[in-house]
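The values are calculated or read from the model by the stated rules, or taken from the named source; none is laboratory data. The shown structure was predicted, so the numbers you read here are calculated from the model rather than taken from an experiment. Cβ atoms come from the backbone with ideal geometry, glycine included; neighbour counts cover every protein chain shown.
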Amino acid sequence: MKIAKDYGAVAERGSKVLKLQRIVKEQGVSLVSYKDGMSVGCVALSRIEAKELKRLLEEELDYKVEPKKEPDGIIKTLTSLPFGDCNYQTALRNATEDELKSAIEIMKADENGKHQTRIKGCENALKRGVKNETKVETKETKVETKAEPKETPKIVEFPSEDKKPKIIKLVTEGDRTYGECAVKLQKEAEQFKDSDSEYVIAGLIELCKVDPDFRNNLMREDKSYGGFMEYMFHAAQSGYCVKYGNVGWIDRDTALGLAIDYYNADSEKMEAEEKKKREEEAAKRKAEAEAKKKNEKKTNRKKKNRTA
């Protein structure tokens, strides 16, 4: 029996303890009895039964249950925004170990099973290692100095949402399975063996477990991991990348977000819109050039008339 969350003891009698716990793969919460540290019985409670237990604790034993505290700040971002969202990736980079663990605990306690990709992202961030510290605001004392820096210090700039390629949502009919998607991606992984590609492909496989629309889009013949690499290259050229001075690159979390967008993007419609935009810009430049040429001729005629 795997415990997802322990809410503490309800009653204790020597070596016997009754605890309120949430059991993995069980609906709701359960009353679990222990003897000498070993579980000897378990009763699952429905939502109605859990509410009745709360009422009895409050009315009969004057036990006040603390209201559930809603997550905020980075934890709220990690448990609510889409994994590929730029703000989500920023929160993932800035989260402390405690914040990541809290977010994972909140999402695993959700019975809807809709957080698998976010949970995987947080778990991978923990594996990579983060500082286990609490963020504390500090006031800096300003000291006047006449010395000026010789040059502007370089800073790391993370990709902003306005630089992210805008996509037209792709809708693919079908009922493709998780197994089909896993086979396709694992086959492509044989060609792309770098660690960053392994990370991105693992994230895509996780998303295939919970998103049927994504599975249908991924299995299209015109979608491939090689196509995503080209899509990512053009996104970086357009400025959607991490920058340090004149150097730019795309980290693995940003790459995963772009990969999700690539498979969900209607490339044909996007190319048609881009072509139309280029044609309109070319027509505008031509019209401006012709107007400029016309004005120059008019100006030259006036100068010629004045000198005559």
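A few notes on this one:
- Residue tally, condition of a type in the set (A, V, I, L, M) and touching a Gly at 6+ places or on another chain (Cβ under 6 Å), over segment 255-308: 2
- Residue in segment 217-227 that is surrounded by 10 or more Cβ atoms within 10 Å (Cβ to Cβ), under 25 Å from Lys187 (Cα atoms) and touching a Cys at 6+ places or on another chain (Cβ under 8 Å) present: yes
- Residues in segment 76-127 that are modelled with pLDDT of 75 or more and of a type in the set (Lys, Arg): Lys76, Arg93, Lys101, Lys108, Arg118, Lys120, Lys127.
- Filter result for Asp162 (more than 22 Å from Ala272 (Cβ to Cβ), of a type in the set (D, E, K, R) and surrounded by 15 or more Cβ atoms within 10 Å (Cβ to Cβ)): no
- Restricting attention to segment 179-205 and to residues that are aliphatic (A, V, I, L, M) and within 16 Å of the chain's Cα centre (by Cα), the residue that is surrounded by the fewest Cβ atoms within 10 Å (Cβ to Cβ) turns out to be Ala202.
- Hey, Lys166 without any contact (Cβ under 8 Å) to a residue 40 or more places away in the chain, over 19 Å from the mean Cα position of the chain (by Cα) and closer than 24 Å to Asp222 by Cβ or not: no
- Contact map, segment 117-132: residues that are in the same structural domain as Arg93 (by TED's automatic domain parsing) paired with residues that are modelled with pLDDT under 85 and not in a helix (DSSP H, G or I), Cβ distance under 7 Å, separation 6+ or inter-chain. Pairs shown: Thr117/Phe83; Arg118/Phe83; Gly121/Phe83.
- Enumeration of residues in segment 232-243 that are in contact (Cβ under 8 Å) with a residue 60 or more places away in the chain and buried (at least 19 other Cβ atoms within 10 Å of the Cβ): Ala235, Tyr240, Cys241
- Pairing residues of segment 200-223 that are closer than 14 Å to Arg118 by Cβ and small (Gly, Ala, Ser) with residues that are at pLDDT 95 or above and in a helix (DSSP H, G or I), at Cβ distances under 7 Å and at least 6 apart in sequence or on separate chains, gives no pairs at all.
- Residue within segment 275-293 that is out of contact with any Leu (no Cβ under 9 Å at 6 or more places or on another chain), of a type outside the set (Gly, Ala, Ser) and touching a residue at least 60 places away in the same chain (Cβ under 8 Å) present: no
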